[in-house]
Every structure is written in C-alpha cells, then in structure tokens.
Amino acid sequence: MTRIDLTELLDLATDAARRAGDLLVETRPEEGPTVTATKSSPTDVVTAMDTASERLIVETLLGSRPHDTILGEEGASEAGTSGVRWLVDPIDGTVNFLYGLPEWAVSIAAEVDGQLAVGVVNIAPRGEMFVAVRDGGAWLGEERVHCNKDVPLERALVATGFGYASSRRAHQAEVLRSVLPRVRDIRRGGSCAVDLCSVACGRADAYYESGPQEWDLAAGVLIAREAGGRVQGLRGRPPGYELTIAAAPELFGPLHDLLASAVDGAARP
Ligand code: IPD
Ligand code: CA
C-alpha cells in the first residue's frame with residue numbers, strides 16, 4: 001500500500017480545479033471559444049480552452065507531485081511511479097461551454113493504488129466546488145451533502161446524458177423510451193460530472209448513462225458514493241463505459257432492473 005496524505009491530494013486537486021475554473025470563466029471570449037478539433041464525431045469538439053485548462057491542471061499537479069501518473073481527456077498522459085493516478089477532465093460539458101450555458105465543470109480525481117481516493121468537481125460558472133475524500137463524506141463548500149433517500153422509482157427525477165456517436169444515441173433513445181414512462185421526469189444537463197454532483201446533493205434522485213469515460217466519471221462517482229449513493233454498472237460490474245447508475249441504495253435496485261431489461265431489449269450501440 002502506498003502511504004499518501006489524502007488531504008494533501010485534496011488540497012492540490014482543489015487548487016488545480018480552482019485555477020482552471022478561474023481561467024475558463026475569466027478568459028472565455030465573448031464571441032465564444034474557438035473550436036480547434038473534433039474527436040469521435042463532428043459534434044464532439046475540443047476548444048482552445050479545453051487544451052489550455054488541461055495544460056494548467058497538469059502543470060499544477062506535476063509542479064507539486066512530479067512522480068504521479070496523469071490521464072486527461074485532451075491527451076495528457078504521464079506515466080509516474082508514485083502509486084497516485086490523476087484523472088482530469090478540463091471541461092466536462094464542453095458543448096455547454098461552447099454555447100455559453102452555465103452547466104459545465106472542471107473535474108479532477110485521484111486514485112491511490114487503483115482505488116478512487118479524492119474527487120473535485122468545480123462548477124465554476126455557478127461558483128460551486130464539490131469535493132470528496134474516500135471515507136470522509138461529500139461536501140459542497142463547507143456543507144456536507146447527502147443523496148435523497150426513500151424515493152420510489154415512479155417519483156424519481158433522473159439525470160442522464162447522450163454520447164456523440166449517432167449509433168450510441170440511437171441506442172440511448174431506445175433505452176430512454178423504456179425509462180421515461182416509469183419515472184417522474186428526465187433531465188439532460190450536458191455534464192455528467194455535474195449530474196453526479198446533483199445526485200450527491202439531492203438536486204436529482206438518480207443518474208444513468210452509457211458512454212462516459214473514466215475522466216468524465218471518476219470525481220463525480222466518488223462524490224456521489226460519499227454522499228450515500230450506490231454507484232455501479234450493470235449486474236454488479238463497476239461503473240464505466242458500458243453503463244453507470246447512481247442513486248440512493250433503495251432506488252438503485254429498481255432503476256438498475258429497469259435499465260438492465262431496457263438495455264437487453266435495445267439494439268446494440
Ligand atoms: C460529455 C458530458 C455529457 C455526457 C457525454 C460526455 P464532454 O463530456 O459529460 O454530459 O452526456 O457523454 O462525453 O465531452 O463535455 O467532456
Ligand atoms: Ca468530459
């Protein structure tokens with residue numbers, strides 16, 4: 001076991017997320033950021049500011065901890081030896097950022113020896129910083145947050161998201177057709193990191209999505225778990241690309257079973 005001070009990691013992640021959030025809020029051009037590349041589809045864009053934010057975060061992390069491993073959405077890839085691995089999403093909700101919608105965040109997580117240990121989601125346009133340390137609870141600023149309890153499936157407000165590839169969206173639409181009639185309503189905010197924080201603080205009862213990568217999910221997953229949520233994939237598998245479901249434990253079961261049968265019945269993405 002690598003002996004690491006998790007408070008030190010949390011402080012560093014918070015500092016990096018704050019600096020990146022400030023950069024993004026203060027320097028986003030009024031006419032909108034420049035799209036510099038596309039990734040999995042023509043609508044999966046990278047702006048100059050995704051890249052600048054990732055660069056600043058990597059410099060901040062490595063400046064204090066030069067022997068850590070880093071994986072970032074926009075290509076950051078550093079192989080370290082310390083047992084600490086950072087997962088960095090420099091803007092989660094890039095399309096919202098592009099359009100000037102206030103639903104995006106900087107997301108930074110640290111794993112120690114492969115286990116999620118620290119998560120920070122800075123929803124900079126709202127001035128909200130969600131943080132969690134393993135076994136230390138989830139916090140919005142100074143306030144401890146908790147998932148909503150005892151919400152039956154039919155009264156659950158469920159956040160979800162859609163990928164960029166057309167085939168994945170067709171699959172997601174089929175799954176949604178089974179979910180929508182069975183829940184209170186659906187929200188599609190545009191940032192899975194923000195969605196997971198919404199579950200953590202009771203602004204949504206649950207979240208599910210297929211397609212997000214580990215840099216999208218990691219920090220929000222720890223925050224939702226530390227807020228009392230159960231976060232897993234299908235049939236006991238870990239959360240991830242195939243499916244991530246987050247909800248208070250008593251809602252998780254019915255939502256999981258609904259999603260499992262909807263996914264089984266839908267065409268493959
Ligand atoms: C996306 C957002 C969105 C989710 C997509 C993600 P990006 O991340 O989290 O909510 O539905 O699956 O790819 O591209 O804005 O960093
Ligand atoms: Ca992302």
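Can you sort TRP215, TRP86 by 1.4 Å-probe accessible area, starting with the largest? Before the final figure, lay out the partial values.
On the way: TRP215 45, TRP86 0 Å².
Reading off the accessible areas and sorting them downward yields TRP215, TRP86.
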(request) First select every other residue whose beta carbon is under 13 angstrom from the beta carbon of GLU174; then total the charges, Lys and Arg +1, Asp and Glu -1. (result) +3
(message) Over the range 167-227, with the other protein chains present, what is the accessible area per residue in square angstrom, probe 1.4 angstrom?
(response) 36
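Within a Cβ distance under 11 Å of PHE162, other residues only, what is the Lys/Arg minus Asp/Glu net charge? All intermediate terms of the calculation are to be shown ahead of the outcome.
Values: positive: ARG168, ARG169, ARG188; negative: GLU209.
Around PHE162, the charge tally is +2.
Please give the peptides 219-228, 39-48 ranked by average Cβ packing (other Cβ atoms within 10 Å per residue), highest first, as a rough proxy for protection.
Numbers: 219-228: 28.2, 39-48: 14.9.
So the order, starting with the most tightly packed, is 219-228, 39-48.
Rounded to a whole number, what % of the accessible area of the chain do carbon and sulfur atoms account for, probe 1.4 Å? Don't skip to the end; give the middle numbers.
Values: 5810 of 11780 Å².
Carbon plus sulfur share of accessible area: 49 percent.
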(message) Tell me the net charge near ALA204. Cut-off is 9 Å between Cβ atoms, ALA204 excluded, with +1 for each Lys or Arg and -1 for each Asp or Glu.
(response) 0
(request) Quickly rank 73-80, 200-207 as a protection proxy: mean count of other C-beta atoms within 10 Å, highest first. (result) 200-207, 73-80
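The values are calculated or read from the model by the stated rules, or taken from the named source; none is laboratory data. Note that this is a predicted model, so its numbers are computed, not measured. Every residue, glycine as well, gets a Cβ built from its backbone with ideal geometry; the counts of neighbours run over all protein chains shown. We work out accessible area using only protein heavy atoms, side chains counted, and drop any ligands, DNA or RNA first. Shrake-Rupley method; radii C 1.70, N 1.55, O 1.52, S 1.80 Å.
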